[in-house]
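Structure, as structure tokens:
Throughout, read-outs are computed from the coordinates displayed, never taken from laboratory work. Please read these numbers as outputs of a predicted model, since none were measured by experiment. Reconstructed Cβ throughout: ideal geometry from the backbone, glycine too, with neighbour counts over all protein chains shown.
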Amino acid sequence: MSDPRSGFVTFVGRPNVGKSTLTNALVGEKVAITSEKPQTTRRAIRGIVNRPDGQLVVVDTPGIHRPRTLLGQRLNDLVEQVLGDVDVIAFCAPATEKVGPGDRRIAESLSGYPRAKKVALVTKTDAATRDQITERLVEVDALREDWAAVIPLSAVTNDQLDVLSDELLALMPVGPPLYADDVVTDETLEDRIAEIIREAALQGVRDELPHSIAVTIDDVAAREDSDLTDVWANIVVERDSQKAIIIGRKGSRLADVGARARAGIEPLVGGRVYLSLHVRVAKEWQRDPKQLGRLGF
């Protein structure tokens, strides 16, 4: 058997090309939240893929975009930092949309990271026709001359994911695993719970609101006398009008968010959960360095 390999890979692309879905599919467990809303991912979340011949650490990052707030700028800075550190950068373009100026700009920017090997992925093939997939492969292939591989795949149907894992591992440096083989992410339990609540809060909200939502956890504690785990959390928004939207008529929307979040948290803690959610306003937190610091950005 050849020497084991291990290393870091990150997926880049415009917002909503399926990076988080792909991360979860490779890891085989949900470590990154997903939503139709752009900029859902706000941190560098590491998912760990264990293979017989080595280990891939997938770093899921925010989509690269033109920032309109200090938060947006910090997310772009985070992506820059990750791109400078990884062994492989995988550029993603969906099979369902023609390659556009945004894709070209991101593909060109990869020259700024000479250390990393580059691969190109045509995602969402389950939603595309054969002609679309062929057309996209040709367009993506033409974006750079140094692709180590160009792979069409679907994270939804797991089509070609093994091919991707094999290709990525082959490009990694020889070395021992970086994490124990029972670890799927280095996120803390509190971080994962906060993200599940944010994912639940993002469902069905209008365009402006998603960027304004943050979640903080006050406490997670197992009850001594039962199998219940208590979770106290805050959904933070920027304006009173947004607070009213999140709570909904007579608290109906907040109750829905709580029910959806609980369903995601219970498998994580391995038992029933009592979830206490409060909505609070932190005025214009996306633009305020102090507030951003408090919220962990």
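Hey, got the dipole for segment 5-171? About the Cα centre, +1 on K and R Cβ, -1 on D and E Cβ, debye to the nearest 20?
So the magnitude is around 680 debye.
Computed 3J(HN,Hα) for segment 259-274, one whole-Hz value per residue from the Karplus formula 6.51 cos²θ - 1.76 cosθ + 1.60 where θ = phi - 60°, is 5, 5, 5, 4, 4, x, 7, 4, x, 6, 8, x, x, 6, 10, 9, glycine and proline marked x.
Near Tyr274: Cβ cut-off under 15 Å, other residues only, Lys/Arg at +1 and Asp/Glu at -1. The net charge is -4. For the chain, the longest principal axis of the alpha carbon atoms and the long axis of helix 70-85 meet at an angle near 40°. Under 1.5 on a/c is rounded, so check that first for segment 5-171, then, if it is not, pick prolate when a/b is larger than b/c and oblate when it is not; a ≥ b ≥ c are the square roots of the alpha carbon gyration tensor eigenvalues. It comes out rounded by the Cα gyration axes. For Gly54, the residues 5 or more places off, or on other chains, whose built amide H falls under 5 Å of its own are Arg5.
When DSSP beta bridges are limited to those with both residues in segment 189-294, what percentage is antiparallel, rounded to the nearest 5?
45
Taking other C-beta atoms within 10 angstrom as a stand-in for reagent exposure, Val122, Val31 fall in the order Val31, Val122, fewest first. Note on segment 136-204 and segment 228-297: Cα centroid distance 28 Å, given to the nearest whole angstrom. Considering only Leu153, Ala282, Ala194, and ranking their Cα positions along the charge dipole of the chain that arises from unit charges at the beta-carbon of Lys, Arg, Asp and Glu, the one farthest toward the positive end is Ala282.
Only one of [x] 19.0; [y] 17.0; [z] 18.2 was calculated from the structure for mean projected area of the Cα convex hull in nm², and its label is [y]. Here the 3J(HN,Hα) profile of segment 238-254, calculated from phi with Karplus coefficients 6.51, -1.76 and 1.60 at θ = phi - 60°, is 9, 9, 4, 5, 6, 4, 4, 5, 5, 6, x, 5, 6, x, 5, 5, 5 Hz, Gly and Pro shown as x. Does segment 189-294 come out rounded, prolate or oblate, given a ≥ b ≥ c as the square roots of the eigenvalues of its C-alpha gyration tensor, rounded meaning a/c under 1.5 and, failing that, prolate meaning a/b above b/c? It comes out prolate by the Cα gyration axes. Estimated from helical segments only, the mean residue ellipticity of the chain at 222 nm is -10500 deg cm²/dmol, where each DSSP H run of four or more residues counts as -39500 (n - 2.57). For Val215, the residues whose modelled amide H falls within less than 5 Å of its own, excluding neighbours fewer than 5 places apart on the same chain, are Val236.
Excluding Asp87 itself, calculate the net charge of residues whose Cβ lies under 14 Å from the Cβ of Asp87, where each Lys or Arg counts +1 and each Asp or Glu counts -1.
Neighbour charge sum, excluding Asp87 itself: +3.
Couplings for segment 186-193, taken from phi via the Karplus curve 6.51 cos²θ - 1.76 cosθ + 1.60 with θ = phi - 60°, read 9, 5, 6, 4, 4, 4, 5, 5 Hz in order; Gly and Pro are left as x.
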